[in-house]
Amino acid sequence: MPPKSPSLPQKNSYRVFGNMALVVPKELDELEKPFSLPSPKPFAIRFQVPDLRVAVRDFLRTREVGEFLSGALAGAMTKAVLAPLETIRTRMVVGVGSKNITGSFVEIIEQQGWQGLWAGNGINMIRIIPTQAIELATYECVKRTMTSAQEKWDGIESPKLQIGRLNVNFSLSWISPTAVAGAAAGIVSTLACHPLEVIKDRLTVSPEIYPSLSIAITKIYRDGGVGALYAGLSPTLVGMLPYSSCYYFMYDKLKKSYCQSKKKNSLNRPEMLVLGALAGFTASTISFPLEVARKRLMVGALQGKCPPNMVAALADIIRDEGVKGLYRGWGASCLKVMPSSGITWMFYEAWKDILLAERRMS
């Protein structure tokens, strides 16, 4: 029998090269393993969509968004309640129908029924939500920015100009952040939402010609193009400056004076209602002639004559109706503006308390 080959130790391994077997120590065999090439993996491309939920949630909780939403909700709720007064006011201002509130109310009921008091209210709601949201959010933002800039400017030595014995101090203390913010709020909201105002007035004054929103948009665009949607923009902007500035300035001053006299930090809801109504009454009375001219320009085409500009509209009103014609519909306007202003502030502050409560606590 051939001799048995000695058995290889178990702890070692071996390699076979042709007819030869080479014993390899286990230690060397282990050293070779890390250098072995890994098995190829299939090629793949992965795309991970970023999670925007946190960013969106944080954005919705910002103060600016809360103020924007508060203004939108306040405007919608106010217009839903006061739509009949808005309808009567618009008819009287543009010279349609009766010249007094009671007569205008009766005419609407007889001609259109109760639903006539809400004529154009659909577009009015569509208009007021963005308008009120943009206006109040712009007011709050500009007021904070102006106040902060004024404080920083007053914190340093303001520039001075000396001409001989004349010293001129460039101080910002004489500028009212509230008045500037009010003017900015009125201008921005008007530029953004003026076409909706034009459409709303057409639907309110002539529902037989403009029975629906789509028909109104089509006819206005066909008759005058895009420019017709901005009819009366110039007098609106001119009239908005005194009204909006006075409105926000008066409310802010009344609020501060009242709180100081009562030694309190904030107003309750009934006080907001009363002070807002007083601010709206004052602002409306000051700027009402421009409001009349603005309405005449916006709906003048319906009556067969459209003044070319605001000055011509004012001149026509004075020539045809005298100076008192500039205040035609003033009573109905106050009847609408005063509760509207008070209710808007009351709803606005209430919604701010709700929407910004979490931010104040954090």
Subject >> Heavy atoms of residue 281: accessible area, 1.4 Å probe, square angstrom to 10 >> reply: 80 Å²
**OP:** Using label points projected 7 Å from each Cα along Cα→Cβ, tell me how many nm separate residue 99 and residue 253, to one decimal.
**Re:** 3.4 nm
Original post:
Under the Karplus relation 6.51 cos²θ - 1.76 cosθ + 1.60, θ = phi - 60°, what is the ordered set of whole-Hz ³J(HN,Hα) values for segment 59-75, x standing for Gly and Pro?
Top reply: 5, 5, 8, 5, 5, 4, 5, x, 5, 4, 5, 4, x, 5, 5, 5, x
Original post:
Tell me, in nm to one decimal, what length is gained between residue 335 and residue 61 on full extension, where the rule is 0.36 nm per residue of separation less the Cα-Cα distance?
Top reply: 95.0 nm
**OP:** Rank by packing, highest mean first: peptides 314-326, 67-79, with packing defined as the count of other Cβ atoms within 10 Å averaged across residues.
**Re:** 67-79, 314-326
**OP:** Give the shape of segment 201-341 as rounded, prolate or oblate, defined through the alpha-carbon gyration tensor: a ≥ b ≥ c are the square roots of its eigenvalues, a/c under 1.5 means rounded, and otherwise the shape is prolate if a/b is larger than b/c and oblate if not.
**Re:** prolate
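If R0 is 25 Å, what FRET efficiency do you get for residue 221 and residue 309 from their C-beta distance, rounded to 0.05? Walk me through the numbers on the way to the answer.
Working: r = 22 Å, r/R0 = 0.89.
Using R0 = 25 Å, I get an efficiency of 0.65.
Taking R0 as 35 Å, what's the FRET efficiency between residue 318 and residue 214 from their Cβ-Cβ distance, rounded to 0.05? Show your work: numbers first, answer last.
Details: r = 38 Å, r/R0 = 1.08.
Taking R0 as 35 Å, the efficiency between residue 318 and residue 214 is 0.40.
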Subject >> Cα principal axis extents for segment 214-262, largest first, Å >> reply: 57, 22, 8
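Would you please put 267-275, 54-62, 83-91, 191-199 in order of how densely packed they are, using the mean number of other Cβ atoms within 10 angstrom per residue and starting with the highest?
83-91, 191-199, 267-275, 54-62
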**OP:** Just round it to a whole percent: the fraction of Cα-Cα distances in segment 172-283 exceeding 22 Å.
**Re:** 51 percent
Original post:
Does segment 74-156 come out rounded, prolate or oblate, given a ≥ b ≥ c as the square roots of the eigenvalues of its C-alpha gyration tensor, rounded meaning a/c under 1.5 and, failing that, prolate meaning a/b above b/c?
Top reply: prolate
Original post:
Going down the list 99/256; 255/336; 99/143; 219/352; 99/200, which pairs span over 30 Å between their C-alpha atoms?
Top reply: 99/256; 99/143; 219/352
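How far, in nm, would the chain grow between residue 357 and residue 269 when pulled straight, counting 0.36 nm per residue and subtracting the alpha carbon separation? Write down the numbers at each step before the final one.
On the way: separation 88, 0.36 × 88 = 31.68 nm, distance 1.69 nm.
Here the segment from residue 357 to residue 269 would lengthen by 30.0 nm.
The values are calculated or read from the model by the stated rules, or taken from the named source; none is laboratory data. A quick note: this is a predicted structure, and the numbers were derived from the prediction, not measured. Please note: Cβ atoms are built from the backbone with ideal geometry, for glycine as well, and neighbour counts cover all protein chains shown. Ligands, DNA and RNA are excluded from the accessible area calculation, which covers all protein heavy atoms including side chains. Shrake-Rupley method; radii C 1.70, N 1.55, O 1.52, S 1.80 Å.
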